[in-house]
1. How do the pairs read when you match residues in the range 8-27 that are in a loop (DSSP other than H, G, I, E, B) with residues anywhere that are not hydroxyl-bearing (Ser, Thr, Tyr), using Cβ under 8 Å and keeping only pairs 6 or more apart or on different chains?
2. Taking Cys103 and the conditions (1) within 22 Å of Ser160 (Cβ to Cβ); (2) surrounded by 19 or more Cβ atoms within 10 Å (Cβ to Cβ); (3) hydrophobic (A, V, I, L, M, F, W, C), which numbered condition does it fall short on, given that it satisfies the others?
3. If you take just the helices (runs of 4 or more DSSP H) that sit entirely in the range 33-147, which of them hold at least 3 residues that are farther than 24 Å from Val203 by Cβ, in contact with a Pro (Cβ under 8 Å, 6 or more places away or on another chain) and not aromatic (Phe, Trp, Tyr)?
4. Between a first residue in the range 340-352 that is touching a residue at least 12 places away in the same chain (Cβ under 8 Å) and a second residue that is among the hydroxyl-bearing types (Ser, Thr, Tyr) and surrounded by fewer than 18 Cβ atoms within 10 Å (Cβ to Cβ), which pairs have beta carbons less than 8 Å apart while being 6 or more apart in sequence or on different chains?
5. Return the total of residues in the range 318-346 being touching a Leu at 6+ places or on another chain (Cβ under 7 Å) and either closer than 24 Å to Leu365 by Cα or part of a loop (DSSP other than H, G, I, E, B) (or both).
6. Among the listed residues Ala256, Ala264, Ala245, identify the single one that is closer than 21 Å to His461 by Cα and part of a strand (DSSP E or B).
7. Does the range 393-401 include one or more residues that are of a type outside the set (Phe, Trp, Tyr), closer than 22 Å to Ala164 by Cα and touching a residue at least 40 places away in the same chain (Cβ under 8 Å)?
8. Among the numbered criteria (1) closer than 16 Å to Val49 by Cβ; (2) modelled with pLDDT of 95 or more; (3) out of contact with any Leu (no Cβ under 6 Å at 6 or more places or on another chain), which one does Ala146 miss?
Amino acid sequence: MTVVCRTEELRRIEVQADSQLPPGTLMARAGLAAAQWLDRRLSVRPASVLLLCGPGNNGGDGYVCARELTELGHSCLCWSASAPASADAQAAFAAWQAAGGECTADLPTERTEGTNRRFDLIVDAMFGIGLGRPLGGTYLQASRWANGSEIDLVALDVPSGLDADRGIWVGGVAGVRARATITFLADKPGLHMADGCDAAGHVRVESLGIETEAAMGRLNGPGEFDAVLRPRLNNSHKGSYGSLAVIGGGTGMVGAALLAGRAALRLGAGRVYVCCVGAPELSVDPVCPELMIRTLDAISPVQAAVVGCGMGTSDAARAALRAALEYDIPLVLDADALNLIAFEKDLRQSLAARAAPSVLTPHPLEAARLLAGTPVARADDDRIATATGLARQLRSTIVLKGAGSVIVDRPGDRERYWINPTGGPALATAGTGDALSGMIGALITQRFDVTTATLAAVWLHGRAAQAHGADIGLLASEVAALAARELGRLRRGGVALF
């Protein structure tokens, strides 16, 4: 289990820890942990390390790291454009100087012109979670130089300039793009979302001996859905794994419903019925004849339904959605089901009043529509807040899709959220969302808890893209087969999870 904490939570944890520990303890632990992790990975011995230090506690972590790396036999130079401002950072700077540490205020571009190979590693310790303004001035210049230096770059806590909560560049100004980030106390959501997916690189969490398990956030992974990883019993049959209805497929969009249905079969649903509201003449899927094509009133009893994939917003689509909202079974709502709910008050009220669980899978534009007039940029600006707001309003589990999809549980005693770390640009093609909806529905149909099923499907969906091995060329029709293969490997215990 990997805990994810937002800045507000981290500040409370820091205050509590500081009240129980001698001054500077957290900084000393952070700098030591970073130095030890780096030392284990430096292939050059001794290595020449440049540390870019800011004026706050992130810079203090850098000074401690430099001192510890020096004691391990490496050569370190600390650069900063300004003197340390906090008491702990001042103490760390003084200790670095007292140990004979070398400091400079010259820009790296000036000091190392033509000699970038002098350094084996650059450590970004300019700004951490406390940055409240865009990266600018000399620090921005240092960031750009480091990014373009072709030297391995590792960030401490967060890449400078990145919002630790939202994963966006503060003020829209791009900062450090690290090969790895050593983050302290707990993982940060912003390291796995939006720009953070490209800025953070490999993320290493150093807890510093501080307990954070009470936090509401988690990084999604196999430990969150271990029930799904248990192998099936030999003594089972198709009835053991439930029946799923897929309702969608409006005029010209029949393929969306078929993609969802095929994905559901691939991920283990016992039976899948497909109702295409815009193609009542359809009787068989020639590519996947295992799907049972039915009209809405001819669908046999099912354990769950996926509604909305390519459904359109016709009167027939509206009637189908209204009927589905009355079903006393879990629903997965996507695409046009979300658009209809966004614009029709009675459908929205019916959804919020449902006793059976619902899972909504909006992309940012659909989320903005559901939030009644919210600009899409604002909905995507704070993805956790957006998903949490939708979960509260619609009393549903939310999957806000995107780089670092956010999953928020149906409101209860605790508002839990997860950040999904799997995926990639290969999924940026039409139909992959339909496949995801079918996968979620398939796992719910197999009688897994709705939250567990959702977490597993989202993680496996992303892993399918990674298993594809390229950032283009993945078809939506291929996603579920790759996901099923990944699930099979996990069930056999054939791969290390992390």
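1. Note: pairs meeting the criteria are Pro23/Ala87; Pro23/Asp88; Pro23/Ala91; Gly24/Asp88; Gly24/Ala91; Gly24/Ala92.
2. The number of the failed condition is (2).
3. Numbers: elements: 57-71, 87-98, 108-111, 137-147.
Where helices (runs of 4 or more DSSP H) fall fully within the range 33-147 and carry at least 3 residues being farther than 24 Å from Val203 by Cβ, in contact with a Pro (Cβ under 8 Å, 6 or more places away or on another chain) and not aromatic (Phe, Trp, Tyr), they are 87-98.
4. Leu340/Thr313
5. Number satisfying all stated conditions: 12.
6. Values: Ala256 fails: part of a strand (DSSP E or B); Ala264 fails: part of a strand (DSSP E or B).
From the options Ala256, Ala264, Ala245, the qualifying one is Ala245.
7. Residues of the range 393-401 that are of a type outside the set (Phe, Trp, Tyr), as a first pass: 393-401.
Right, trim to closer than 22 Å to Ala164 by Cα and you get 398-401.
If we keep only those that are touching a residue at least 40 places away in the same chain (Cβ under 8 Å) too, we end up with 399, 401.
So far as the range 393-401 goes, yes, one or more of its residues are of a type outside the set (Phe, Trp, Tyr), closer than 22 Å to Ala164 by Cα and touching a residue at least 40 places away in the same chain (Cβ under 8 Å).
8. Here Ala146 clears every test but (3).
The values are calculated or read from the model by the stated rules, or taken from the named source; none is laboratory data. Owing to the predicted nature of the structure, the values given are computational and were not obtained by experimental measurement. Backbone-built Cβ (ideal geometry, glycine too); neighbour counts: all protein chains shown.
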